Amino acid sequence: ALYLEVEGAPWGGEDMGPVVYSLVLTTASVVMMVAPVPLGVWADWRGEREVYVGITLVGACAGVILAFANNAVVFALAWGLLNVPPAIRGVRAAFFAKHVPPAELSRASQLASSAGLAGGFAGPLLSPLLAGLFGSAGDDRWPNGFVVGGLLAAAAHGACAGALWKTLPPPISREVSVYSRCEEGSPAAGEVKREGKLSRKSTGDVCCEKCCGSLTAQQRQYGTLLCDSCYDNFGGQRYSFKSYRLHTLVGFCALAMLLESSVNAGVIAAFQPVVVRHFHWDSTEIATVNMAGAGLAVFISVCLAQLRLPERLQAAGAALIYLAAVLMFTLPPLEPWKAVVGLMLGLKAQILFMAPFTAMFSHAIGRTRVTNRLTTALCLAPLVGAALGTAAAPWFVARAGQWGFAWAAAPAALAICGGAAGWNRVAPRDRFV
């Protein structure tokens with residue numbers, strides 16, 4: 001529908017349609033890459049609720065602008081703004097870390113992803129209905145199905161903004177009472193109970209999240225909820241929290257980047273060129289596969305959320321599915337069924353991986369020390385990997401059906417080896433949740 005609207009618009013046409021379409025998609029990609037950074041800073045400054053509501057209102061305005069756009073630049077910018085809300089994943093991860101109980105963190109992320117997937121599945125079903133009622137995108141009549149879809153998107157975003165403002169809690173100070181969290185997750189909690197130590201509830205003190213010792217006024221200002229000794233030895237003897245946080249972030253980002261670059265180079269970005277060139281598929285066959293994948297994704301995501309599997313097991317399984325997807329798609333000989341299975345596995349791996357992965361990161365750093373900047377950096381890593389994989393895809397597509405195509409699986413294999421080497425680093429022993 002997007003391409004038909006561009007081609008049928010006065011500023012598009014058959015000659016400029018492909019150029020404008022490329023401009024629209026490029027604008028959306030750039031916005032998706034850039035937006036998480038200012039969103040994370042905004043959330044650290046003003047709180048997650050304001051970001052959620054503000055970005056949803058931006059989506060509402062973008063839907064209206066999209067319906068009434070009268071030139072290619074305005075249309076491209078509106079489409080880019082309409083793609084800003086998905087860039088809020090880093091803010092969502094930080095919000096969940098602060099407000100969701102540790103045992104439910106991965107499940108909550110899975111259910112949130114399921115809601116987005118359900119919308120992605122319902123959209124293509126709604127599009128033919130609007131086209132039948134109001135005309136196809138690109139028709140001369142006004143409003144056509146695309147315009148009505150833009151207005152419906154605006155109304156939905158506006159309603160969601162009001163609901164978010166009403167239901168989301170206001171920002172909380174990072175200097176909070178943490179004794180209850182010590183009770184739930186800290187190795188010092190049992191000692192506190194056995195020795196009958198007084199909590200903040202009776203003394204008014206703020207305790208260190210690791211040893212439950214009282215923090216001074218200066219230590220409370222840092223917002224880490226760690227005493228000086230625990231800060232300096234957070235990851236081990238003379239292994240400070242600052243170093244531990246940096247190394248953990250870099251390691252997690254590297255794993256996500258490698259997995260995404262592999263699946264995009266060998267499967268996601270390569271799928272349509274391979275099936276069109278080698279199997280002579282048309283748009284109907286491709287759309288059918290995509291629709292089936294979206295519906296299956298919703299089902300699998302909801303089921304896994306209910307199973308409540310350990311987060312490390314979920315992330316490890318998803319990483320192996322990444323590798324299996326690329327190998328299934330790229331190893332010769334090329335077969336239609338292998339292409340479909342590889343694509344399904346690749347899409348499922350992307351869905352299954354990030355929820356437990358971000359939960360593991362929150363547990364490793366500690367929920368009170370997780371900031372929007374950290375989660376934004378973590379959620380940017382797969383986007384960068386996807387961009388690198390997409391850029392490399394033409395090289396691999398040219399080798400489809402040859403053994404060289406399978407080299408696209410190398411980054412995923414490297415990521416799995418790296419994850420295995422650091423397996424004990426994220427073991428759920430004395431991490432602070």
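The values are calculated or read from the model by the stated rules, or taken from the named source; none is laboratory data. All values derive from a computational prediction rather than experimental measurement. All Cβ positions, glycine included, derive from the backbone under ideal geometry; neighbour counts span all protein chains shown. For accessibility, only protein heavy atoms count, side chains too; no ligands or nucleic acids. Shrake-Rupley method; radii C 1.70, N 1.55, O 1.52, S 1.80 Å.
Determine the per residue accessible area of region 320-433 with all protein chains present and a 1.4 angstrom probe, expressed in square angstrom. Spell out each step's value before the answer.
On the way: 4460 Å² over 114 residues.
Normalised by residue count, the accessible surface of region 320-433 is 39 Å².
Sorting the segments 331-343, 236-248, 384-396, 365-377 by their mean number of nearby beta carbons within 10 angstrom, highest to lowest, gives 365-377, 384-396, 331-343, 236-248. Simple spin-label estimate for Ser29 and Leu126 gives 2.7 nm between the two label positions (7 Å along the Cα-to-Cβ direction from each Cα). Here the accessible area is traced with a 1.4 Å probe on the protein chains. For region 214-373, carbon and sulfur cover 64 percent of it. Sequentially through region 96-112, phi angles give Karplus couplings (6.51, -1.76, 1.60; θ = phi - 60°) of 4, 4, 7, 10, 9, x, x, 5, 9, 5, 5, 4, 4, 5, 4, 5, 4 Hz, Gly and Pro residues having no value and appearing as x.
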